[in-house]
Amino acid sequence: MNINEFVNERKEEWEKLERISAKVLRRTGKGLTSNELWELGTLYTAAISDLSTLKSSSVAADLNPDILNYLTGLVIRVHGAIYKKPPIQKRRFLEFFTAGFPRAVRKSLGYVLLSAGLFTFFGVMGFILGLGEPGFIELVVPEQIIEVVQSGKVWFKDIHTVAPLASSALMTHNISVVFLAIAAGITFGAGTAYLMALNGLLLGAVASLCYTHGLSVEFWSFVLPHGSLELSAVIIAGAAGLLLGHALIDPGQYRRADYLAVRGREVGKLALGCVPLLICAGFIEAFFSPSPLPVWLKFLFAGISFMSLVTYLSVVGRSRAE
């Protein structure tokens, strides 16, 4: 077979490939049928083979360059149609936060409760140990905070004077802590449980330190306004890490890698949903929590924020099957 016969024989399939790929590139109609989807892969693979054959043929020098350019361009266009990442759609973000995220939280409610239980238990333990064992506070609370509280002051009083810078730093720190808690689930959940316990102990120890020096109102009026969102995000992140750990420990009837991939989607939803909570908490912690506004207003804001979050996670996106 000479080069012209080869081109004539293959030209019909190239044109068919071009018609099918054009439907993908235009993104019109109902998309490809199952047969067209199968043909797209088959014809694309054949076109790559044809292009390689033409370029390596000893008689390729006699080939019309327009044909070679056409086939090269066709392969490039089809590659782009197949492997092009779908555009990010605002609708998908809206659907995620109006359905996907709250459903993921409800689906993982058992892990959320376990994470909250760990955090709360060790928070209470930290408070009790802080009251009964002064040396315990020195083990978990930074020395700078201890010195400031012992002088009868709070360490967060002047944060609002550098609010823009503080807000950015707080967001970055909080997001890193949350993603660390999630990633720690790869240790079969032990790392996540440790971080939940450690953060609970730290909060309880600081609360006991402030209580001992008569600064409880100042402390809680600072923590709760942003903590209603921030601590909720930490607990949800803990749930994601425990979920990941459980998937590694007990994959059930599935292969561990397959089950981890399935559960990983839920973990990703929980992780992504925590980000806007932490961004909001960062703004509140920098601008509102340390402000000189009345204490009652801060407590009221904290209560409304927490109840709004609970309502959102409990109600939004709920289907009849739930």
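Observations, loosely collected:
- Being within 36 Å of the chain's Cα centre (by Cα), in a loop (DSSP other than H, G, I, E, B), at pLDDT below 75 and more than 18 Å from L51 (Cβ to Cβ) is a condition met by at least one residue of the stretch 11-27.
- If the condition is being within 31 Å of the chain's Cα centre (by Cα), open to solvent by less than 60 Å² (accessible area, probe 1.4 Å) and at pLDDT 90 or above, then the stretch 123-154 contributes G123, G126.
- Count of the stretch 171-207 residues which are within 19 Å of the chain's Cα centre (by Cα), farther than 19 Å from L229 by Cβ, of a type outside the set (A, V, I, L, M, F, W, C) and open to solvent by 60 Å² or more (accessible area, probe 1.4 Å): 1
- Of all the listed residues (D62, D50, D66), the sole one being at pLDDT below 75 and of a type outside the set (F, W, Y) is D62.
- Taking first residues from the stretch 185-200 that are polar (S, T, N, Q) and partners that are at pLDDT 90 or above and in a helix (DSSP H, G or I), the Cβ contacts under 6 Å between residues at least 6 apart in sequence or on separate chains come to T192/A181; T192/A184; T192/G185; T192/G238; T192/G241; T192/L242.
- Members of the stretch 114-138 found to be closer than 16 Å to A197 by Cβ and free of Cβ contacts under 8 Å to residues at least 12 places away in the same chain, listed by number: G117
The values are calculated or read from the model by the stated rules, or taken from the named source; none is laboratory data. Note that the structure is a prediction, hence the values are computed from the model and not measured. Don't worry about glycine lacking a Cβ; one is built from the backbone with ideal geometry, like all the others, and counts go over all protein chains shown. Side chains included, ligands, DNA and RNA excluded: accessible areas come from the protein's heavy atoms. Shrake-Rupley method; radii C 1.70, N 1.55, O 1.52, S 1.80 Å.
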